[in-house]
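Visitor: A single structure is presented below for examination.
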Amino acid sequence: MLKEKIASIVQENPLLRNIMNLEEVFWENPDYMSFKDVSLPLSKEDINDASSRLKRFEPYIVKAFPETAADKGIIESPLVFADSMKSELEGMWGAKLPGRLLIKCDSHLKISGSIKARGGIYEVLKHAEDLAIKEGLITNESDASYEKFASPEFSRFFSQYEVAVGSTGNLGLSIGIMAAKLGFKASVHMSADAKQWKKDKLRSLGVNVVEYESDYSAAVEEGRKEAARNPRCYFVDDENSINLFLGYSVAALRLKVQLDDMGIKVCDTCPLFVYLPCGVGGGPGGIAFGLKQIYGDDAHVFFAEPTHSPCMMVGCMTGLHNQVCVQDFGIDNITEADGLAVGRASGLVGHMLRNLISGCYTISDETMFKLLAKLADSEKIMLEPSALAGMTGIVNTIATGSGQKYLLNRGIAGKEQNITHIAWATGGSMAPDEIMRDYYNKALYYLGKNQTDHTLPNA
């Protein structure tokens, strides 16, 4: 039935033709509404509750992961200026880019080195807390010393239970690392595009890795079915999890503190533009939700997707969300950006954010690789390809006709110099050196440069 409707869907949404031709496009969300007019099932109180839970677990985090001791168990990433990279972007596109550009380095989050350290770790901790309270191991959340979660007693208790997840890679790492550390049996169902080094890392920690020859959606579905057969197995559902969503949303509270500390004002005359790489949508969705709760209409959030995997853009543009996948439109969902290689978007995120996100844009693998080398050379920051998707956001909004139209529609035209642009870097620091070298060398190839003339930056 859907196949019969595709032609009419494309006719109603002409930009779909460009998307089906794998072109880089910018889409402004026509369903965007002022934040005060949007009705949502969650609130800022839910974000504060998630933040408080992470606060309770800080003593445990320090005990279990000593590398977090300097930050007192807070898992947070740097926010850094990227003036040199902005100059590189201006050179690549031949356009002046007013405003400031910063990078939110979730690529360097402690424990699992990606944006998934936020939601994934949070959901496992919440599940552990729920079990401990139910068993009576913790009787008063506010007074309990959560250091006890690192004790042999707690580990023995959690060993009776299993935690499972379906993943293209990074979510599997965060879930597997945290679940195994707590003592859970952990299983990660990995799609065909997941990188081998991520599978190897999980197996080295005793995590059961189940591999599939199909894509992300199939891995999630199979993982969900297997977990349903085991009453002691908790399945982390990347497509539908409110807990994951809220774990990600805490990033907005932390970002506000960082911006305030840097003296960066966000208001109607000094707007905030944030560009989030998007796979199934949970991570960027949670962060976008948090940013809108804090900054309202002064925050403009865009999702960035590979040209071969634009599932969120297709879902939002058609209004069909998870009822359609990119394959329905002849798009193969094959990309080097493994963390974004998702053919069907989260219905939860699509419906919740349909009036909140400002738009989406796509980026080719070639462009991501070129930016990888440019960022490594200019800022000494090494990222995996998918983490570069947010980097062209400033170009799309400032230096394209579609972006200028968006600024005009939102009353921002003429205020470009006052915009703070944040490219959200979502992963990369855990990748082995040889993998990073391969990424960098491939990037040099796309740039037409000789590999022998370049050494990998000491990032």
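Visitor: Could you pull out every residue, at least 5 positions away or on a different chain, whose amide H is within less than 5 Å of the one on residue 233? Hs are placed 1.01 Å off N in the peptide plane, and Pro or chain starts have none.
Guide: Amide H neighbours of residue 233: 162.
Visitor: Multiply the residue gap between residue 267 and residue 6 by 0.36 nm, knock off their C-alpha separation, and tell me the result in nm, one decimal place.
Guide: So the chain would gain 89.8 nm between residue 267 and residue 6.
Visitor: Sticking with this one: If you build the convex hull over the alpha carbons only and average its shadow over all orientations, what do you get for the stretch 316-417? Give it in nm² to one decimal.
Guide: Values: hull surface 32.1 nm².
Quarter of the Cα hull surface area: 8.0 nm².
Visitor: In what sequence, highest mean first, do 3-16, 51-64, 302-315, 392-405 appear when ranked by Cβ atoms within 10 angstrom?
Guide: 302-315, 392-405, 51-64, 3-16
Visitor: Another one. Can you tell me how much longer the chain between residue 240 and residue 84 gets when fully stretched, taken as 0.36 nm per residue apart minus their C-alpha distance, in nm with one decimal?
Guide: Extra length available between residue 240 and residue 84 comes to 52.3 nm.
Visitor: Also, I was wondering about something else. Against the globular-protein guess of 2.2 N^0.38 Å, express the Cα radius of gyration of the stretch 250-353 as a ratio, rounded to two decimals.
Guide: My calculation over the Cα atoms of the stretch 250-353 gives 1.18.
Visitor: Calculate, for residue 135 and residue 55, the FRET efficiency according to 1/(1 + (r/R0)^6) with r their C-beta to C-beta distance and R0 22 Å; round to the nearest 0.05.
Guide: Computed FRET efficiency for residue 135 and residue 55: 0.50.
Visitor: Let me ask you something else. What do you get for the angle between helix 216-228 and the principal long axis of the chain? Use alpha-carbon atoms, 0 to 90 degrees, nearest ten.
Guide: So the helix axis and the longest Cα principal axis differ by about 20 degrees.
Visitor: Working from Cα positions, state the angle (0 to 90°, nearest 10) between the long axis of helix 242-261 and the longest principal axis of the chain.
Guide: The angle comes out near 60 degrees.
Visitor: Please work out which option in [x] 61, 56, 55; [y] 94, 42, 33; [z] 63, 60, 44 gives Cα extents along the principal axes in Å calculated from these coordinates, and answer with its label.
Guide: The value computed from this structure is option [x].
Visitor: Round to a whole angstrom and tell me the spacing of the C-alpha centers of the stretch 194-208 and the stretch 282-315.
Guide: 29
Visitor: List residues of the stretch 160-177, by number, whose backbone nitrogen lies under 17 Å from a label position 7 Å along Cα→C-beta of residue 229.
Guide: Inside the label zone: 162-166.
Visitor: Next question. Can you figure out the FRET efficiency of residue 434 with residue 213, using R₀ = 25 Å and their beta-carbon distance, to the nearest 0.05?
Guide: 0.50
Visitor: In addition: Extending each Cα 7 Å along its Cβ direction at residue 334 and residue 23, get the distance between those two points in nm, one decimal.
Guide: Placing both labels 7 Å beyond Cα along the Cβ direction yields 2.3 nm.
Visitor: Next up: Starting from 0.36 nm per residue, how many nanometres of slack lie between residue 45 and residue 351 once their C-alpha separation is accounted for?
Guide: 108.1 nm
Visitor: For a protection proxy built on the mean count of beta-carbon atoms within 10 angstrom, sort 363-372, 267-276 highest first, please. Display every interim value, and only then the final one.
Guide: Working: 363-372: 23.1, 267-276: 20.1.
The densest-packed peptide leads the list: 363-372, 267-276.
Visitor: Over 32 Å between Cα atoms, which of 55/415; 5/198; 3/198; 44/72; 265/380 qualify?
Guide: 55/415; 5/198; 3/198
Visitor: Measure nothing fancy, just the Cα-based angle from helix 44-56's long axis to the longest principal axis of the chain, in degrees from 0 to 90, nearest 10.
Guide: That works out to roughly 50 degrees.
All of the numbers you see were taken from the coordinates with simple rules; none came from a lab. What you see is a predicted model; the values in this text were computed from it and never measured. All Cβ positions, glycine included, derive from the backbone under ideal geometry; neighbour counts span all protein chains shown.
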